[in-house]
1. Quick check, is residue 333 free of Cβ contacts under 8 Å to residues at least 40 places away in the same chain and either surrounded by fewer than 20 Cβ atoms within 10 Å (Cβ to Cβ) or over 30 Å from residue 417 (Cα atoms) (or both)?
2. Would you check if residue 303 is under 18 Å from residue 220 (Cα atoms) and either surrounded by fewer than 19 Cβ atoms within 10 Å (Cβ to Cβ) or modelled with pLDDT of 95 or more (or both)?
3. Please go through segment 189-216 and pick out each residue that is more than 19 Å from the chain's Cα centre (by Cα) and surrounded by 21 or more Cβ atoms within 10 Å (Cβ to Cβ).
4. Tell me whether segment 44-55 contains one or more residues that are surrounded by 17 or more Cβ atoms within 10 Å (Cβ to Cβ), at pLDDT 50 or above, touching a helix residue (DSSP H, G or I) at 6+ places or on another chain (Cβ under 6 Å) and in a loop (DSSP other than H, G, I, E, B).
5. Which of the residues that make up segment 65-94 are farther than 19 Å from residue 268 by Cβ and either touching a helix residue (DSSP H, G or I) at 6+ places or on another chain (Cβ under 7 Å) or in a strand (DSSP E or B) (or both)?
6. Considering only segment 131-241, give the strands (runs of 3 or more DSSP E) lying wholly within it that have at least 1 residues that are over 18 Å from residue 297 (Cβ atoms) and either in contact with a helix residue (DSSP H, G or I) (Cβ under 7 Å, 6 or more places away or on another chain) or modelled with pLDDT under 95 (or both).
7. Within segment 242-253, track down each residue that is assigned to a loop (DSSP other than H, G, I, E, B) and more than 22 Å from residue 385 (Cα to Cα).
8. Restricting attention to segment 390-432, report how many residues are crowded, with 21+ Cβ neighbours inside 10 Å and at positive phi.
């Protein structure tokens, strides 16, 4: 079993923010490739109908930072989740392509549900029961990994000098709301999912969210080179009808690329395990562009508010931290999971979930840690976190550096699933009662880790 952070100091990897040589130049490469699945492919890890039409082309896109140290890679993928062995394989491929070490690669998904997932360890468990390909299109996933690595490698031939960093923050109105609506007893009364038609749940306050979208931009003199955006919400407006889509977050990203031509926009989803658009989304197709427009408006306001400061390689820092996340009781007992996986009469989606649960459990038993990382860009910080993290972690990180801009990308290693706060596990609700693969004391582990990363 993986030990909590405090008990595994010997296994800790902490790369300090050591300044590079004075005025060392900084450059950036941007890359992008198509990762749209073939028609007939499973979507959302087999939990929804397979792909029957392509509404939007999906992409993997990112940047490579080049300075005095080894390259740093940040990559965002329009998929529902990349976990366990899939996460390891994809990061390894990007690291080799960039000529860097895997601990300097941050890989995240945007978590759209009308999109594929990837977990090679769960696939092995399914394949051994005659269920290969029920979770995702395995051959196509490997091709997408190869394409993203090839796109990254090709980008290295065209680095762009970076002289300034831009930072902009603005509020996004009427998009995000907390999914968990508590009753008078302090327990979850309603789970306000991505779309909602329950009048009482819609009328309830937004709840705990982070309403701000944060933009980090790289500039060569007066010319913007690339923009990274960070906003926390489940990204789906409606889903599960077989239409492959990057949903409203992808639409907002595309609107911003049209507004600033020639400048790649790379979007990351924040800690939104318990945040979605349910208060403002009735699930109708016509609402998707409305939500996209609201997010794009927030991004535009953050772009307008952007302040630029000079930056060189000495202003770049990178820290990593390996942590052990305590497994939940739901996945610690392998017997019921094995029985479900073997049950040919069970729903395929339930057997897929059992395989994913077992894959995570087996990694925990092997002592496989989760790697967190933090990128420092001058006075701005970007935290790279796993799973469907609750918004409270993002807010806590911001409070740890109140004078800095702190961005968070969640949905890194998708293996742990939902990661709640300690109190959330006693409140009930879908996220912490049924699908979280970590135990309540995960909060203590991760808050301590955030403090280490943001020192």
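1. Judged against the criteria, residue 333 is a match.
2. Answer is yes for this residue.
3. 192, 196
4. yes
5. Within segment 65-94, 66, 67, 68, 70, 84, 85, 89, 92, 93 meet the criteria.
6. 180-182, 188-191
7. 242, 245
8. Within segment 390-432, residues that are crowded, with 21+ Cβ neighbours inside 10 Å and at positive phi number 3.
The values are calculated or read from the model by the stated rules, or taken from the named source; none is laboratory data. Only a predicted model underlies this, so the values are computations on that prediction, with no experimental measurement involved. Counting neighbours? That spans all protein chains shown, and the Cβs are built from the backbone with ideal geometry, glycine included.
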